[in-house]
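These notes concern the structure reproduced below.
The values are calculated or read from the model by the stated rules, or taken from the named source; none is laboratory data. All values derive from a computational prediction rather than experimental measurement. The protein model used for the area step is the full one, side chains on, heavy atoms only, and it has no ligands, DNA or RNA in it. Shrake-Rupley method; radii C 1.70, N 1.55, O 1.52, S 1.80 Å.
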Amino acid sequence: ELFLASASDGDIERQTAFIVRHLPRPQYGRILDLACGAGRHARALARAGYSVLGVDRSPNAVAAAARSGEGATFQVLDMREVERLDGSFDGVVNLWQSFGFFDATTNRAVLEQLHRKLRPGGRLLLDVYNREHAIARPSVEHGPRGAMAIETRRSWAGPRLSLELWYDGVLGDRFDWHVYSPGELCSLCGELGFELVLGC
């Protein structure tokens, strides 16, 4: 709850504005929010006039998102099964480093499925860490989040980043990803038929 509550409304507005700039309606009107969490971006996009389906593997997150759907729809789905979804999409958004959880073969398979679910000319927007930047971050950082002391611990095993968030000395969240360099991710996507429009 603490981790997900850390994004302000201003953050969501700025991130949604970026999405709207690069997936403009009506050309990209039907959007899949992959790993939508509590649905904040999906709801913001629905308010902006998009048809949005948000999917997440967490039933609790999807239930929370659905309680205040505001025009978006939500369902429980593991991203490894995205081709089970009906129809195609004009755009897919995958935000907050929600790609790379699996081994390299499975990550590639997820991207292959996303390519097949996009209509011709559709766009995939991936919001991921840049390994060349992330690997230079300190292994331990401290900082407050509200009144709580947060300790972030990072460790690397090849291209995989393990991250732990400790809240007032108690382990709260643990994440593990394959973190790609920009060149590596662009090369992988290019092999699958994607064409780079923008990298930033």
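Quick notes
- When 186, 36, 200 are compared by accessible surface with a 1.4 Å probe, the order from highest to lowest is 200, 186, 36.
- Taking every alpha-carbon pair under 8 Å whose residues sit at least 6 apart, the stretch 94-180 reaches a relative contact order of 27 percent.
- In the assembled protein chains, residue 156 presents an accessible area of approximately 70 Å² (probe radius 1.4 Å).
- Solvent-accessible surface of the chain, averaged per residue with a 1.4 angstrom probe and all protein chains in place: 53 square angstrom.
- Accessible area per residue (1.4 Å probe, heavy atoms of protein chains only) ranks 79, 148 as 148, 79, with the largest value leading.
- Residue-averaged 222 nm ellipticity for the chain, from DSSP H runs of 4+ at -39500 (n - 2.57), nearest 500: -8500 deg cm²/dmol
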